[in-house]
Amino acid sequence: MMTNLFSIFDPASSIMMLPMNWMSSMIGLMILPYMFWLIPSRYNMMWIQLTTFINKELKILINKNAWGSNIIFTTMFTFIMINNFMGLFPYIFTSSSHMSMTLSLSLPLWVALMIFGWMKYYNNMFAHMVPMGTPPILMPFMVLIESVSNLIRPGTLAVRLAANMIAGHLLITLISSTGPMLNIYMASIMIFAQILLLTLESAVAIIQAYVFSILSTLYSSEIK
């Protein structure tokens, strides 16, 4: 009987006192098609079409003078998507469900964007504090609200990704924990529900990686 639902997210595997759970984040990089760069295989074509599609989506949002930076967000999308999918396999540590993982992605990116924006485009950064058409009496409050919303951006990015990964895994764990107590008919229904939930979680794995990359792109496009 499971006493703590959140125990499935605890890093517990280790070899010679070295934690091995976080290795699942690096194992996903091994499936990237390094050996197919010169051969137009279907595996390689699938990755090229995926990255090209994400690249086109990000180019719509990003400034034309900074098109080269969309490589960062395309790579981030691929990395997050692979880690989300890795967590759907049995006995594999879900690294994207931990704030230490998601915050380490969002916080350095946000800090870099803020430093770059305030050092090079400080006039535009001040202009973003007060939206156009704001009455003079509300300007101090708008500056405070915009400052707070800007400061919590890395936290909201990290919490959104981690919470969505935790929610789906908890629901699957709750349903599967009742399996030994069910008869054959109810167990069949439970297995069918689990398949539907895994399909939904596969879609969530892609959607959350897409949302993380799109929001990061939108935050970077506000600098100029």
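The values are calculated or read from the model by the stated rules, or taken from the named source; none is laboratory data. Everything quoted here is computed from the prediction, not taken from an experiment. All Cβ positions, glycine included, derive from the backbone under ideal geometry; neighbour counts span all protein chains shown.
Residues considered: ILE214, ILE175. Of these, the only one that is within 30 Å of THR75 (Cβ to Cβ) and either touching a His at 6+ places or on another chain (Cβ under 7 Å) or not aromatic (Phe, Trp, Tyr) (or both) is ILE214.
When you check ASN4 against the structure, is it at pLDDT 70 or above and not acidic (Asp, Glu), yes or no? Can you show your working first?
Working: at pLDDT 70 or above: no; not acidic (Asp, Glu): yes.
For ASN4, the condition - at pLDDT 70 or above and not acidic (Asp, Glu) - is not met.
Between PRO180, PRO131, the distinction of being in a loop (DSSP other than H, G, I, E, B) and free of Cβ contacts under 8 Å to residues at least 24 places away in the same chain belongs to PRO131 only. Scan the range 73-111 for residues that are within 20 Å of ARG160 (Cβ to Cβ), surrounded by fewer than 16 Cβ atoms within 10 Å (Cβ to Cβ) and either touching a residue at least 60 places away in the same chain (Cβ under 8 Å) or over 13 Å from the mean Cα position of the chain (by Cα) (or both) and the total you get is 3.
Of the helices (runs of 4 or more DSSP H) lying entirely inside the range 21-125, those containing at least 3 residues that are modelled with pLDDT of 75 or more span 42-61, 70-86, 99-120.
For the range 112-162, taking the residues that are under 22 Å from the mean Cα position of the chain (by Cα) and among the basic types (Lys, Arg), the one that is nearest to VAL204 (Cα to Cα) is identified as ARG160.
From the list ILE175, ILE223, ILE207, the one residue that fits, being closer than 25 Å to MET81 by Cα, touching a helix residue (DSSP H, G or I) at 6+ places or on another chain (Cβ under 7 Å) and surrounded by 13 or more Cβ atoms within 10 Å (Cβ to Cβ), is ILE175.
In the range 143-158 there is no residue that is at pLDDT 85 or above, part of a loop (DSSP other than H, G, I, E, B) and surrounded by 15 or more Cβ atoms within 10 Å (Cβ to Cβ).
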